[in-house]
Amino acid sequence: LENTVRLLLELEPESDPVWHYLNVQNHRIRGLLEKCTSDHEARMETLHNELREKAISDAKWLQIQQNLSQSSDANYSIGNIELPIELQPLALTGEEVDVLRGKYIKRLTTVLVHHIPAFWKVALSVFSGKFAKSSQVSDSSGGKSEEKVGDGRYSSHSLDEVAGMMRGTISLYEVKVLNAFRDLEESSLQSYMSDAINEISKACVAFEAKESAPPIAVMALRTLQAEVTKIYILRLCSWMRASTEGITKDETWVPVSILERNKSPYTISYLPLAFRSVMTSAIDQINM
């Protein structure tokens with residue numbers, strides 16, 4: 001990237017090639033994010049078609065079995081079997097779908113972590129005057145040439161504008177990640193949801209390294225991390241409520257040791273112990 005900028009500056013154009021180049025790089029990063037989305041949608045469509053074909057095949061087999069049980073005459077055409085499932089929308093749920101969503105979030109984050117730091121370092125180099133160089137300028141009298149040093153200002157724009165440009169790209173990332181994260185099943189608490197939060201956390205750490213991203217970008221990622229963590233904990237609370245309700249419906253009684261029950265013949269309810277197990281599991285997940 002720096003070599004490209006250096007070559008552009010050596011052309012000494014009257015226009016603003018550096019700003020144009022930074023815009024091109026930013027659009028490239030946004031394009032990679034959009035490519036992640038289009039690839040994800042294609043994979044989801046493929047999975048939807050596979051699940052639909054399986055559902056139709058299962059429905060046909062069920063209908064064949066019903067026909068065989070209702071009549072001894074098995075002379076009928078499979079193609080004429082009416083399948084109501086063909087008219088019903090098929091919901092994309094389950095672990096297979098969450099696998100794709102988890103990979104989608106990881107790909108989006110990889111694009112950001114791989115390209116943003118390099119892009120920002122080039123911008124810092126440009127606007128700090130790193131590419132300033134001396135050039136020999138001869139005077140009109142034919143005397144010895146004098147050295148003229150450039151002021152390092154290669155663009156009519158500012159570093160803050162580059163930071164704003166990057167903030168817009170990260171906003172695109174935020175929207176895509178939040179939508180995918182909200183679509184994850186509640187049953188994914190211990191796997192794909194926590195994995196997604198870890199990916200975003202890694203991006204935060206990468207952006208916080210020296211000269212890797214503007215402060216506005218770091219703040220945006222930290223805000224996203226807080227938002228997905230909040231969603232995660234709300235889902236976790238919902239899981240705890242459901243687990244507790246399930247425990248109370250199937251109450252069991254357990255004997256305690258002789259010392260604990262003071263030689264009494266009674267048992268105690270298992271509910272407190274089960275509830276403690278639920279609480280411990282939830283707190284462990286939050287700590288992770």
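What is the local net charge at residue 48, summed over the other residues whose Cβ is closer than 13 Å to its Cβ (Lys, Arg +1; Asp, Glu -1)?
-2
Ranked from largest to smallest solvent-accessible area, with a 1.4 Å probe on the protein heavy atoms, 114, 157 come out as 114, 157. The phi torsions of the range 195-206, fed into the Karplus equation with coefficients 6.51, -1.76 and 1.60 and a -60° offset, translate into couplings of 5, 5, 4, 4, 4, 5, 5, 4, 5, 4, 4, 5 Hz, rounded to whole numbers, with Gly and Pro shown as x.
Ordering 68, 9, 236, 32 by accessible surface, largest first, gives 68, 32, 9, 236; the 1.4 Å probe counts only protein heavy atoms, with every chain in place. Around the amide H of residue 268, modelled in the peptide plane, lie the amide H atoms of 254, 256, all under 5 Å away and 5 or more residues distant in sequence or on another chain. Seen from residue 25, the other residues with C-beta closer than 13 Å to its C-beta sum to a net charge of +2, counting Lys and Arg as +1 and Asp and Glu as -1.
The values are calculated or read from the model by the stated rules, or taken from the named source; none is laboratory data. Values in this document were obtained by computation on a predicted structure and should not be read as measured data. Quick reminder, even Gly has a Cβ in these numbers, built from the backbone with ideal geometry, and neighbours come from all protein chains shown. With ligands, DNA and RNA removed, areas are computed over all heavy atoms of the protein, side chains included. Shrake-Rupley method; radii C 1.70, N 1.55, O 1.52, S 1.80 Å.
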